Amino acid sequence: MTSTLETQLAPPPGAVREVKIAIIGSGFAGIGMAVALRERGEQDFVLLERAADVGGTWRDNTYPGAACDVQSNLYSFSFAPNPEWPRSYSGQPEIQAYLRGVADRFDVRRHCVFGADVLDARWDDAARRWQVRTTAGTFRAQVLVSAAGALADPTYPDIPGLDGFEGTVMHSARWDHDHDLTGEAVAVIGTGASAIQVVPAIQPVVGSLAVYQRTPAWVVPRTDRPVPRWRQRLYRAVPGLQKAIRGLLYLVREFLVLGMAKNRLFLRPVGKLARAHLHRQVRDPKLRKGLTPDYTIGCKRILISNDYFPAVAAPNAELVTAGIAEVRARSIVDRDGIERPTGTIVLATGFHVTDLPIAEKICGRDGRSLAQVWDDGMVTNRGSTVAGFPNLFLLVGPNVGVGHTSMVYMIESQVAYVDSALQAMAAEGLETLETTPAAQQAYRELIARKSKGTVWLAGGCASWYLDRHGHNTTLWPDFTFRFRRLTRTLDRENYVGAPARTSEVAA
Amino acid sequence: MTTIRKHTAAVPLPDGAQLHATVEGHDDAPVTLALAHGWTLSQAAWDDVALLLRPHVAAGELRLVRYDQRGHGRSTWGRYADDVAELSIDQLGADLGELLDHVAPTGPVVLGGHSMGGMTIMCLAAARPELFGDRVRGTALVATSAGDLAPRGETLLERLQLRLAPGTVTAAIGAARVLEGIRQALPPSSRRHQKIVRDLLYGADATDEMVLTGAEIMHATTVRAFAAFYPALGEHDKREELSALREVPVEILVGDSDKLTPERHSRQLAEQLPGARLAVVERTGHMLPQERAELAVAALTRLVGEAAADRAAA
């Protein structure tokens with residue numbers, strides 16, 4: 001649906017709309033950026049959103065059981081605390097409602113162009129503008145901010161015969177709520193963060209459930225509780241209290257970095273906790289063996305759940321570890337030659353993270369796309385800027401990901417950085433700002449140095465954190481407050497700028 | 001690639017319990033073979049047998065159904081979730097009937113039962129005799145008993161046990177104490193745990209691997225299942241209600257070193273069922289389906305073959 005506002009925002013057919021800043025995406029990152037701009041009076045910007053609503057990952061992932069692995073008091077904007085969270089860990093509907101609420105409260109929607117899927121974005125070096133073609137028209141922007149996110153585009157596994165499957169296939173991130181699973185033989189492929197939530201949500205209604213696992217995950221208990229009314233009232237009355245709890249949660253989670261990035265000895269108690277959790281919940285020795293990882297905890301994302309193991313051990317469930325040989329018209333055949341009749345296949349197979357599709361669409365000064373430039377691995381300055389791509393800023397870019405704490409903290413760090421860059425441009429009268437290859441190289445070395453010896457590289461697993469060269473190009477490999485310090489203000493020395501060519505433009 | 005079809009089913013029982021069943025083979029196979037496991041075990045106790053049966057399943061000769069008995073493995077307790085006072089082996093017989101109605105509603109069926117699983121079949125035969133000869137076309141009773149498991153009071157110890165726990169299984173009294181003890185102190189991987197399990201349940205030729213596997217399966221069973229079915233086993237007595245089993249071919253197998261259901265129980269069964277084939281296997285304990293999987297498979301496939309031939313003739 002398009003509102004009158006959007007119709008005003010979108011350029012008329014054939015025309016090009018000029019804006020100062022174009023932001024791709026309206027999830028946590030896009031909304032956070034928009035609020036920052038508005039707060040300092042910047043109005044000349046648009047959010048290009050391919051869907052019909054704000055929310056990003058939290059709008060798209062509506063599968064049963066979808067919820068956040070970080071407490072809501074922490075997984076929310078610092079500038080928009082929410083005393084009304086119904087549970088300590090919120091589900092997708094509550095988080096999506098929160099994002100919509102923030103977008104309304106800070107009047108972000110007036111800047112949104114819905115149905116604007118970015119086809120490509122090219123830097124026009126002569127005009128010093130980004131030319132952004134979308135399904136809702138073309139935009140010319142001085143500054144392009146990609147807030148497209150890392151968990152945006154689902155990956156579909158390359159399994160022989162999957163195309164010929166005659167039942168229903170759906171990705172967890174593209175759930176078909178019209179399809180009733182009651183009594184069906186359902187296969188869930190994948191055992192990552194999405195699978196672990198969808199499996200217990202559907203197990204009670206399906207006829208039979210086969211969970212196809214490649215690598216088991218370490219799972220720790222989920223301390224999810226409803227937030228009592230008195231506490232919600234207390235949060236409203238004493239906002240400082242919620243802030244203090246947020247700080248405490250942040251601190252506790254940051255301790256995990258000690259184990260994951262500094263010294264793996266600190267992970268031992270977490271590993272013990274996960275092992276005890278599995279032993280308590282699964283009695284069957286074979287199933288227990290199948291669910292026990294052979295790598296150090298933390299190497300892949302640590303999952304939290306109290307109902308995943310019981311669901312896999314339910315009377316109608318089966319864990320399949322043999323690997324999939326092929327999919328047939330009405331069944332899945334594993335590598336042991338066992339053929340399981342299947343009505344619906346749920347692909348909980350994750351997202352394009354180390355091969356971000358948006359990178360193929362953004363082309364810099366020499367016409368090459370980010371994807372081409374990053375062929376040897378993603379390189380940036382501070383996860384935010386790329387040499388050869390003037391006036392381009394990435395939110396949730398490479399090496400900004402975190403598995404242990406709130407992504408919103410990282411997003412707010414980056415938003416501050418981008419805003420600092422924009423203000424520096426304005427103050428100096430610069431029309432373009434571009435990071436240097438040297439700065440990029442130095443940052444790459446910094447990341448490599450920090451990543452060395454971390455559990456992600458040395459924990460004995462293959463994960464979506466690592467690219468095909470085995471480099472960590474997704475995670476921030478240190479305490480997150482260090483990233484915040486690094487991105488508090490623009491590192492001006494790492495940038496070259498070009499002043500506006502005519503004096504009147506500088507304003 | 002030749003494959004074996006397999007699916008998992010949670011069979012709903014009238015009281016709300018669910019039986020975890022594994023079905024292998026094609027729905028249109030000529031015969032369905034259903035296997036019932038023993039006390040404190042699970043369907044995994046039939047894994048060796050199932051592996052040997054796999055070529056027969058792949059060849060389309062039979063469909064194999066294994067399931068966890070109520071309160072065992074993944075199966076739930078149903079109406080006994082809070083109170084097990086009324087739990088009996090008759091209930092397990094009724095469960096087996098429901099299982100057949102659900103996963104094998106038509107076509108000939110062969111039943112195999114080990115220990116308490118054999119008693120389960122006897123209870124089904126007593127409660128629904130009309131099934132036997134019609135739907136059920138063969139029965140294998142492995143290391144089991146029709147009753148009279150209570151101590152006879154011949155020795156001082158037995159008399160003491162009778163006084164302390166009337167109507168309970170002699171061997172199980174010892175087993176209860178031992179199993180409880182090792183559960184607390186020793187994991188199945190420990191030497192002592194395995195020695196205790198071996199001495200109680202296995203014959204001379206059992207490998208360490210067999211003993212470990214068996215110990216692990218039992219270790220996965222809850223103390224609750226152990227305690228709940230313990231008196232039920234003592235009360236089991238179907239010696240006068242076996243007539244339905246005379247309608248079908250019966251294979252009786254027992255190990256000569258079986259301490260839980262000694263040889264005499266199988267001999268009594270054979271007396272009651274004159275047409276039955278009795279095999280007393282040397283150097284073999286109570287875990288015969290594991291210890292002599294090939295013998296169990298031979299007996300089961302004989303029954304399946306007869307059932308299929310019946311069908312062809314009919």
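The values are calculated or read from the model by the stated rules, or taken from the named source; none is laboratory data. None of the values given here were measured: they were computed from a predicted structure. Virtual Cβ from ideal backbone geometry, glycine too; neighbours counted across all protein chains shown.
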Review point. Mind checking which residues of the range A:46-88 are in contact with a strand residue (DSSP E or B) (Cβ under 6 Å, 6 or more places away or on another chain) and assigned to a loop (DSSP other than H, G, I, E, B)?
Key: A:52, A:69
Point to revise | Residue ranges of helices (runs of 4 or more DSSP H) in the range B:175-239 with at least 2 members among the small types (Gly, Ala, Ser) and either touching a helix residue (DSSP H, G or I) at 6+ places or on another chain (Cβ under 8 Å) or at pLDDT 85 or above (or both) | key: B:208-219, B:223-235
Check your understanding: How many residues does the range B:248-275 contain that are surrounded by fewer than 22 Cβ atoms within 10 Å (Cβ to Cβ), assigned to a loop (DSSP other than H, G, I, E, B) and not charged (D, E, K, R)?
Key -> 6
Exercise for review: For the range A:133-174, name all the residues that are aromatic (Phe, Trp, Tyr) and farther than 29 Å from residue A:10 by Cα.
Suggested key: A:156, A:165
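Would you say residue A:278 is surrounded by 14 or more Cβ atoms within 10 Å (Cβ to Cβ), at negative phi and either in contact (Cβ under 8 Å) with a residue 40 or more places away in the chain or in contact with a helix residue (DSSP H, G or I) (Cβ under 6 Å, 6 or more places away or on another chain) (or both)? If you could, list the steps in order and put the result at the bottom.
Numbers: surrounded by 14 or more Cβ atoms within 10 Å (Cβ to Cβ): yes; at negative phi: yes; either in contact (Cβ under 8 Å) with a residue 40 or more places away in the chain or in contact with a helix residue (DSSP H, G or I) (Cβ under 6 Å, 6 or more places away or on another chain) (or both): yes.
Spelling it out, residue A:278 is indeed surrounded by 14 or more Cβ atoms within 10 Å (Cβ to Cβ), at negative phi and either in contact (Cβ under 8 Å) with a residue 40 or more places away in the chain or in contact with a helix residue (DSSP H, G or I) (Cβ under 6 Å, 6 or more places away or on another chain) (or both).
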Check your understanding: In the range A:306-358, how many residues are more than 27 Å from the chain's Cα centre (by Cα) and among the hydroxyl-bearing types (Ser, Thr, Tyr)?
Key -> 3
Exercise for review: State yes or no: is residue A:5 at pLDDT below 95 and surrounded by fewer than 16 Cβ atoms within 10 Å (Cβ to Cβ)?
Suggested key: yes
Study note, to complete from the structure: Of the residues in the range B:240-267, those that are under 14 Å from the mean Cα position of the chain (by Cα) and among the acidic types (Asp, Glu) come to B:251
Check your understanding: When only residues in the range B:9-28 that are at the interface with chain A (Cβ under 9 Å from one of its Cβ atoms) and in contact with a His (Cβ under 7 Å, 6 or more places away or on another chain) count, which is surrounded by the most Cβ atoms within 10 Å (Cβ to Cβ)?
Key -> B:10
Practice item. For the range B:29-53, enumerate the residues that are among the aliphatic types (A, V, I, L, M) and either within 13 Å of another protein chain (Cβ to nearest Cβ) or farther than 20 Å from residue B:93 by Cβ (or both). Key: B:29, B:31, B:41, B:44, B:45, B:49, B:50, B:51, B:52, B:53
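Is it the case that residue A:169 is touching a helix residue (DSSP H, G or I) at 6+ places or on another chain (Cβ under 6 Å), more than 14 Å from every other protein chain (Cβ to nearest Cβ) and within 30 Å of residue A:282 (Cβ to Cβ)?
Details: touching a helix residue (DSSP H, G or I) at 6+ places or on another chain (Cβ under 6 Å): no; more than 14 Å from every other protein chain (Cβ to nearest Cβ): yes; within 30 Å of residue A:282 (Cβ to Cβ): yes.
For residue A:169, the condition - touching a helix residue (DSSP H, G or I) at 6+ places or on another chain (Cβ under 6 Å), more than 14 Å from every other protein chain (Cβ to nearest Cβ) and within 30 Å of residue A:282 (Cβ to Cβ) - is not met.
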Exercise for review: For residues that are in a loop (DSSP other than H, G, I, E, B) and in contact with a strand residue (DSSP E or B) (Cβ under 8 Å, 6 or more places away or on another chain), scanning just the range A:224-240, find the one that is nearest to residue A:269 (Cα to Cα).
Suggested key: A:224
**Study point:** Residues satisfying the stated conditions in the range A:210-221, i.e. more than 14 Å from chain B (Cβ to nearest Cβ) and touching a helix residue (DSSP H, G or I) at 6+ places or on another chain (Cβ under 9 Å)
**Key:** A:213, A:216, A:217, A:218, A:219, A:220, A:221
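One line per residue, one yes/no per condition, for (1) charged (D, E, K, R); (2) within 22 Å of residue A:332 (Cα to Cα); (3) not assigned by TED's automatic domain parsing to the domain that holds residue A:410:
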| position | (1), (2), (3) |
| --- | --- |
| A:131 | no, no, no |
| A:138 | no, no, no |
| A:141 | no, no, no |
| A:144 | no, no, no |
| A:149 | no, no, no |
| A:167 | no, yes, yes |
| A:171 | no, yes, yes |
| A:176 | yes, yes, yes |
Point to revise | Subset of the range B:100-131 that is surrounded by 24 or more Cβ atoms within 10 Å (Cβ to Cβ) and among the polar types (S, T, N, Q) - its residue that is farthest from residue B:307 (Cα to Cα) | key: B:115
Exercise for review: Just give me the residues in the range B:211-225 being buried (at least 20 other Cβ atoms within 10 Å of the Cβ) and of a type in the set (A, V, I, L, M, F, W, C), in sequence order.
Suggested key: B:211, B:215, B:217, B:218, B:220, B:225
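Looking at A:217, A:276, A:244, A:201 in this structure, which one is among the small types (Gly, Ala, Ser) and in contact with a strand residue (DSSP E or B) (Cβ under 9 Å, 6 or more places away or on another chain)?
Numbers: A:276 fails: in contact with a strand residue (DSSP E or B) (Cβ under 9 Å, 6 or more places away or on another chain); A:244 fails: in contact with a strand residue (DSSP E or B) (Cβ under 9 Å, 6 or more places away or on another chain); A:201 fails: in contact with a strand residue (DSSP E or B) (Cβ under 9 Å, 6 or more places away or on another chain).
Exactly one of A:217, A:276, A:244, A:201 is among the small types (Gly, Ala, Ser) and in contact with a strand residue (DSSP E or B) (Cβ under 9 Å, 6 or more places away or on another chain), namely A:217.
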**Study point:** Members of the range A:38-65 that are crowded, with 23+ Cβ neighbours inside 10 Å and either hydrophobic (A, V, I, L, M, F, W, C) or free of Cβ contacts under 8 Å to residues at least 24 places away in the same chain (or both)
**Key:** A:46, A:47, A:48, A:54, A:58
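Here is a yes/no grid of residues against (1) in a strand (DSSP E or B); (2) surrounded by 21 or more Cβ atoms within 10 Å (Cβ to Cβ); (3) at pLDDT below 95:
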| residue | (1), (2), (3) |
| --- | --- |
| A:283 | no, no, yes |
| A:290 | no, no, no |
| A:310 | no, no, no |
| A:333 | yes, yes, no |
| A:345 | yes, yes, no |
| A:355 | no, no, yes |
| A:371 | no, no, no |
| A:375 | no, no, yes |
Point to revise | Filtered residue count, the range A:393-416, keeping only those that are surrounded by fewer than 24 Cβ atoms within 10 Å (Cβ to Cβ) and assigned to a strand (DSSP E or B) | key: 1
Check your understanding: Quick one: would you say residue A:333 is touching a strand residue (DSSP E or B) at 6+ places or on another chain (Cβ under 9 Å), of a type outside the set (Lys, Arg) and within 14 Å of chain B (Cβ to nearest Cβ)?
Key -> yes
Check your understanding: Conditions: (1) within 14 Å of chain A (Cβ to nearest Cβ); (2) free of Cβ contacts under 8 Å to residues at least 12 places away in the same chain. Residue B:82 meets all but one. Number of the miss?
Key -> (1)
